[in-house]
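Have a look at the structure below before the remarks.
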Amino acid sequence: MVDAARAGTAAPAAVPPPAGRPGRRLRRRPSRIRGRQALAGWLFVAPALLGLGLFLVAPILMAFWVSFRDWSGLAPLDTSTPTGTENYRDLLVESGVVQSDFAKSLRNNFYYVLGVVPAQTALSFFLAVVVNSKLLKGKTFFRTAFYFPSVTSSIAVAFIFIFLFSPSGVVNVLLSALLPGTVETVWLSEFKGVVHTVLGWLGVDTAPAFLGEHRLMGLSYWDWLSGPSVALLAIMILATWTTTGTFMLMFLAGLQNIPEELDEASLIDGATPRQRFFRVTLPLMRPTLFLVLTLGLIGTWQVFDQIYAMTAGGPQKTTLTPAYLIYRDGFENSAMGRAAAIAFILFALILAFTGIQRLLLRRED
Amino acid sequence: MSPVTAARRATGYLVLTAFALIFIYPFILSLATTFKSREEVAAEPVLPWPLNPEWRAWENVLVHGDFPMWTLNSVIVTVGATLLRIFLDSLAGYSLARLDWRGRGPVFAAVLAVLAVPPIVLTIPRFLVLKEMGLLNSYAGLILPLAVDAVGIFIMKQFFEALPRELEEAARIDGANIFQTYWRVVLPLARPGIITLAILSFQGTWNEFLLPLIVVRASPEHWTLPFGLSTLGRGGAGGQTFDYPVMLAGSMLTILPVAIIFIVLQRFFVRGIAAGAVKG
């Protein structure tokens with residue numbers, strides 16, 4: 001599963017309210033035709049509704065039921081036993097390895113979102129503004145080049161990045177050329193968090209007493225504050241690289257919607273380029289910015305393919321994410337009930353985060 | 001041209017070229033690596049052309065391995081899902097856009113609600129339903145869940161609403177029934193919309209990884225290209241033992257069809273994205 005952006009889908013957030021307009025005119029026609037239209041209308045949507053119902057709605061209801069049961073996924077479903085809220089309690093309340101793995105996955109994904117969403121948004125906006133500049137030619141070429149990674153297979157791209165980040169790969173060669181000494185980082189095996197690493201440089205190698213003693217969901221405060229591991233950092237770079245092109249196209253579409261007169265008017269009024277960007281362009285781009293942030297947030301909380309292909313949750317569980325945990329618990333550990341419970345917690349989390357973001361961005365208006 | 005403008009133009013090109021390199025160089029390097037020997041890859045990991053070109057990796061991929069079978073499976077699944085999706089999505093989109101029936105509002109609202117479900121949440125649910133229906137380890141299990149999608153219905157509905165109504169009315173007056181009007185008059189007019197949908201669907205289905213992972217994991221003869229590819233090297237700790245030329249040749253093979261379509265039909269890709277962005 002890829003971020004919404006890679007899938008290239010039209011935006012869920014971009015949906016206008018259902019229009020009641022079409023067909024109005026036909027209402028005045030004789031009722032025989034209306035009756036035929038009603039029948040055809042239902043017949044036309046029936047197969048699509050059946051498909052969505054069978055593979056989307058029914059599965060979700062069934063999975064919600066399973067999340068309150070103990071089921072291996074191997075035996076028939078009716079041999080599963082009800083366990084009440086145990087799956088949810090194991091994940092959120094009862095201390096144990098289930099809870100601490102889930103806590104780690106939340107921590108990792110949180111840092112992932114915190115890094116990737118701002119990076120992809122800022123970079124794609126920046127590139128869109130440069131590509132859109134009237135001074136430059138060759139727009140089509142650059143647009144194509146930037147967007148190309150977004151349409152390719154996630155697994156193929158993950159393999160390319162395994163190669164780039166291999167111990168003797170391009171990234172290390174490049175860093176060795178730029179930095180003093182030889183860089184021999186084994187990126188995808190490096191589990192130390194970047195915050196811990198930086199603190200280490202400052203002489204803080206072990207947890208201060210307060211951070212080491214207190215725990216939340218089975219993880220010490222010190223572990224919560226580790227930052228993303230170097231391995232996760234490589235995946236974050238990959239994610240930014242593959243999604244920037246799509247978001248750049250969205251920003252470009254937004255920029256091209258800004259009426260030219262506005263730009264010219266501000267130019268005549270003597271606005272500097274900086275003023276024009278912050279006072280004219282940026283306010284008009286708010287809807288696109290909101291869309292990109294929402295899609296970014298939804299996409300980054302679902303990171304799976306790259307983790308599966310590159311690190312499988314390792315090293316030291318620092319690239320576990322809730323999405324990967326759903327797969328691991330459900331299909332490798334035969335705990336389908338718990339995997340379903342994780343899926344619903346993740347669903348709630350995504351809804352909550354997009355809701356909070358909506359509130360924050362609305363309030364500024 | 002003033003010196004300031006010239007300087008800004010130069011900076012602009014510099015920025016664009018640097019980023020074009022960042023986005024494209026990995027693909028060029030990977031392609032070159034498929035023609036290198038493993039020793040050469042270790043010695044010259046950065047050079048974007050092979051010094052002693054060899055065909056070993058491609059022979060492995062195209063002749064000896066399972067790649068031809070995986071490619072065939074990918075073609076079957078992608079073509080099947082895309083054809084079904086075009087037909088079912090456009091049929092539903094037309095009904096929601098143009099036909100007059102009670103309950104249309106709530107049905108469209110339900111389709112929009114489905115859009116909000118994050119795909120990863122469907123991992124376990126889909127497995128459950130396909131298992132109960134006995135569709136695990138089959139092509140039907142790979143195709144049917146992708147045969148309808150809410151985004152496609154939405155795109156087609158938008159597209160039909162923008163078409164002029166007169167031709168349909170003329171066809172009706174000439175005695176065509178509703179399906180004939182849709183099939184002979186409306187669908188041909190909707191070609192650009194259908195191409196956009198076909199491309200979105202082709203790209204999405206061809207690259208799909210999660211569904212084959214949960215549906216046909218246990219049945220190698222149903223593996224698709226991305227899933228088969230993933231079995232070549234997983235969880236790359238250290239990565240010293242990987243056969244990079246073969247891994248990357250497989251990756252290039254997986255990327256190639258989408259790349260060709262992307263380059264030929266680029267404007268339709270852009271249209272699909274732009275439609276979503278402008279509506280926001």
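What percentages, rounded to whole numbers, describe P(r) for the protein assembly as shown computed over all alpha carbon pairs with 20 Å bin width beginning at zero? In whole percents, the pair-distance histogram is 17, 50, 29, 4, 0. In a DSSP loop and with at most 15 other Cβ atoms within 10 Å, there are no GluC sites (Glu not before Pro) in the stretch B:135-231.
Of the residues B:Met247, A:Gly296, A:Asn257, the one whose Cα sits farthest toward the positive end of the charge dipole of the protein assembly as shown, with +1 on the Cβ of Lys and Arg and -1 on the Cβ of Asp and Glu, is A:Asn257. Highest mean packing first, where packing is the average number of other Cβ atoms within 10 Å per residue, the peptides A:137-146, A:45-54 line up as A:45-54, A:137-146.
Here A:Lys192 is the anchor, and the lysines within straight C-alpha reach of less than 18 Å, apart from those fewer than 8 places off in the same chain, are A:Lys104, A:Lys317. Between A:Asn257 and B:Ile24, the C-beta separation translates, for a Förster distance of 25 Å, into a calculated FRET efficiency of about 0.35. Among A:Tyr112, A:Ser95, B:Phe262, flag the residue with its Cα farthest along the positive direction of the charge dipole of the protein assembly as shown, charges on Cβ as +1 for Lys/Arg and -1 for Asp/Glu. Checking the options against the dipole of the protein assembly as shown, the answer is B:Phe262. For the segment B:88-98, counting C-beta atoms of other chains within 10 Å of every residue's C-beta and taking the mean gives 6. Going from the residue with the fewest nearby Cβ atoms within 10 Å to the one with the most, B:Val15, A:Val93 rank A:Val93, B:Val15. Of all aspartates and glutamates in the structure, those lying under 19 Å Cα to Cα from A:Lys134, and not within fewer than 8 positions of it along the same chain, are A:Glu260, A:Glu261, A:Asp263, A:Glu264. Using alpha carbon centroids, what distance separates the stretch A:207-281 and the stretch A:317-365, in Å? The distance from the Cα centre of the stretch A:207-281 to that of the stretch A:317-365 comes to 21 Å. When restricted to Cα atoms, the stretch A:24-165 yields an Rg and a Dmax of 26.0, 69 Å, respectively.
Rounded to the nearest whole Hz, the Karplus-based 3J(HN,Hα) values (6.51 cos²θ - 1.76 cosθ + 1.60, θ = phi - 60°) of the stretch A:187-197 follow the sequence 3, 7, 10, 8, 9, 5, x, 5, 5, 4, 4, with x at glycine and proline.
Here the simple spin-label model places points 7 Å from the Cα toward Cβ, and for B:Arg217 and B:Ala140 these points are separated by 2.3 nm.
Restricting the GluC sites (Glu not before Pro) of the stretch B:41-149 to loop positions (DSSP other than H, G, I, E, B) with no more than 16 neighbouring Cβ atoms within 10 Å leaves B:Glu54. 3J(HN,Hα) along the stretch B:24-39: 9, 3, x, 6, 5, 4, 5, 4, 4, 4, 5, 9, 9, 7, 4, 5 Hz, from the Karplus curve 6.51 cos²θ - 1.76 cosθ + 1.60 with θ = phi - 60°, whole Hz, x for Gly and Pro.
Ranked by the mean number of other Cβ atoms within 10 Å of their residues, highest first, the peptides A:103-116, A:79-92 fall in the order A:103-116, A:79-92. Computed extension length for A:Arg215-A:Thr81: 45.0 nm, one decimal, from 0.36 nm per residue of separation with the Cα-Cα distance subtracted. Restricted to Cα atoms, the stretch B:65-231 shows a radius of gyration and a Dmax of 18.3, 59 angstrom.
Projecting the Cα atoms of A:Pro180, A:His196, A:Tyr147 onto the dipole axis of the stretch A:122-227, where Lys and Arg carry +1 and Asp and Glu carry -1 at the beta carbon, places A:Tyr147 farthest toward the positive end. For the stretch B:65-231, a crude dipole built from +1 on the beta carbon of Lys and Arg and -1 on the beta carbon of Asp and Glu, taken about the Cα centre, is about 220 debye to the nearest 20. Within 10 Å of the Cβ of each residue in B:125-137, the mean number of Cβ atoms contributed by other protein chains is 5. Counting only C-alpha contacts under 8 Å and six or more residues apart, can you give the relative contact order of chain A as a whole percent? Relative contact order here is 31 percent. Under a 5 Å amide H cut-off, with hydrogens placed 1.01 Å from N, A:Asp70 pairs with A:Thr81, A:Thr83 among residues at least 5 apart or on other chains. Legend: ranking of residues B:Thr241, A:Thr300 from fewest to most surrounding C-beta atoms inside 10 Å; resulting order B:Thr241, A:Thr300.
Put a plus charge on the Cβ of each Lys and Arg, a minus charge on the Cβ of each Asp and Glu, and nothing anywhere else: the dipole of the protein assembly as shown about its Cα centre is then about 2720 debye. Applying the criteria of a DSSP loop state and at most 14 other Cβ atoms within 10 Å to the trypsin sites (Lys or Arg not before Pro) of the stretch B:95-140 yields B:Arg102. Peptide B:24-34 has a mean shielding of 3, counted as Cβ atoms of other protein chains within 10 Å of each residue's Cβ.
Only the coordinates and a few stated rules stand behind these numbers; no lab work does. Model, not experiment: these values are computed from the prediction. Counting neighbours? That spans all protein chains shown, and the Cβs are built from the backbone with ideal geometry, glycine included.
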